[in-house]
Amino acid sequence: MAIEVYAAPGQGASDALLDWLEVEEVMANVHDVRDESTLAEAIAAGAFPFPVTRVGDELIRGFDPVRLGYAIFGGEEAGAGVSVAVDEGGRPVVTDVLAGSLAEDAGLEPGDVITDLGGYSSFSVDQLRNVLATGRPITLGVRRDGELLRLSMPARELAA
């Protein structure tokens, strides 16, 4: 997968992004937007304001290491057999559901956007992971194909 970075080296967020890519050992095509031809190309591609990283079809504006990590390295296990990534609005998006898992029993599907966690609409992926790790039943609000659904995650049976 090609990773294109439109940045202005020597500028705060651009330098932070370039440093992060180096530390994470990510190979990317870096375009210096101070060059007029690159600037025109970047603006035409919708890559503005800078820095902007294009990973496949996704544009990530600014330096957002969490979104970059998910876009480049994939989703992460959130517990109960569900892996998630983060969308532009910061919401967890289901990327994978393990067969036979609690997530599958609840009806979660790849592409579902988790909009609330037990009635709370403001939560992080870490909070989602912590709640799912408890094994207690929980109701999730999910947006699927524009429709809002309520899915019940059953309790995990604990081994005796």
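A short reminder: the numbers here are calculations on the coordinates, not readings from a lab. Keep in mind the model is a prediction, meaning the values are calculated, not measured. When we count neighbours, we look across all protein chains shown, and the Cβ atoms used for this are built from the backbone with ideal geometry, even at glycine.
Give the Rg/Rh ratio for region 3-72, taking Rg as the radius of gyration of the Cα atoms and Rh as the Kirkwood radius, to two decimals.
Details: Rg = 10.9 Å, Rh = 11.7 Å.
Ratio of gyration radius to Kirkwood radius: 0.92.
What Kirkwood hydrodynamic radius do you get for region 75-153 when you take the inverse of the mean 1/r over all pairs of distinct Cα atoms, in Å? Each step should come with its number before you reach the end.
Numbers: mean 1/r = 0.0831 Å⁻¹.
Result for region 75-153, one decimal place: 12.0 Å.
Can you give the extra length, in nm with one decimal, that the chain gains between Thr134 and Glu109 once fully stretched, where that is 0.36 nm per residue apart less the Cα-Cα distance? Walk me through the numbers before you get to the answer.
On the way: separation 25, 0.36 × 25 = 9.00 nm, distance 2.12 nm.
Stretched fully, the Thr134-Glu109 segment lengthens by 6.9 nm.
Roughly speaking, what is the stretch gain from Ala44 to Val66, that is 0.36 nm per residue apart minus the C-alpha to C-alpha distance, in nm to one decimal? Don't skip to the end; give the middle numbers.
Values: separation 22, 0.36 × 22 = 7.92 nm, distance 2.60 nm.
In short, 5.3 nm is gained.
Run the helix sum for the chain: -39,500 (n - 2.57) per DSSP H stretch of 4+ residues, divided by residue count, reported at 222 nm to the nearest 500 deg cm²/dmol.
-7500 deg cm²/dmol
Using every pair of alpha-carbon atoms in region 118-160, split the distances into 10 Å bins beginning at 0 and state the percent of pairs per bin, rounded to integers.
Percent of pairs per bin, in order: 24, 52, 20, 3, 0.
Would you mind counting up the charge near Val113? Only other residues with Cβ under 14 Å from its Cβ, with Lys and Arg at +1 and Asp and Glu at -1.
Details: positive: Arg91, Arg143, Arg144, Arg150; negative: Asp87, Glu88, Glu109, Asp112, Asp116, Asp145, Glu147.
That sum, taken over residues with Cβ under 14 Å, equals -3.
Only Cα pairs within less than 10 Å get springs; with that Gaussian network setup on the chain, which residue of Val142, Val93, Val66 has the largest fluctuation?
Result: Val66 has the largest fluctuation of those listed.
Over the chain, what is the relative contact order in whole percent, taking alpha-carbon pairs under 8 Å and six or more residues apart?
Numbers: 275 pairs, mean separation 23.3, N = 160.
Worked out over the chain, it gives 15 percent.
So what's the gap between the Cα centers of region 27-62 and region 83-111, to the nearest angstrom?
Centre-to-centre (Cα) distance: 30 Å.
Restricting things to alpha carbons, tell me how big the chain is in terms of Rg and Dmax, in Å.
For the chain, the Cα-based Rg and Dmax read 18.7, 67 Å.
Provide the net charge surrounding Pro65, with neighbours chosen by a C-beta distance below 12 Å and charges set as Lys +1, Arg +1, Asp -1, Glu -1. Provide the component values of the computation, followed by the final result.
Values: positive: Arg67; negative: Asp19, Glu24, Asp64.
Net of charged neighbours comes to -2.
Counting Lys and Arg as +1 and Asp and Glu as -1, each charge on the Cβ, what is the dipole of region 1-130 about the Cα centre in debye, to the nearest 20? List each step's numbers first, then the result.
Values: 6 positive and 24 negative charges, 54 e Å.
Here region 1-130 has a charge dipole of around 260 debye.
Excluding Asp32 itself, calculate the net charge of residues whose Cβ lies under 13 Å from the Cβ of Asp32, where each Lys or Arg counts +1 and each Asp or Glu counts -1.
Numbers: positive: Arg34; negative: Glu4, Asp15, Asp35, Glu36, Glu41.
It works out to a net charge of -4.
Write out the GluC sites (Glu not before Pro) in region 37-145 meeting two conditions: DSSP loop, and at most 16 other Cβ atoms within 10 Å of their Cβ. Before the final figure, lay out each step's value.
On the way: sites: Glu41, Glu58, Glu76, Glu77, Glu88, Glu104; in loops: Glu88.
Sparse-neighbourhood loop GluC sites (Glu not before Pro): Glu88.
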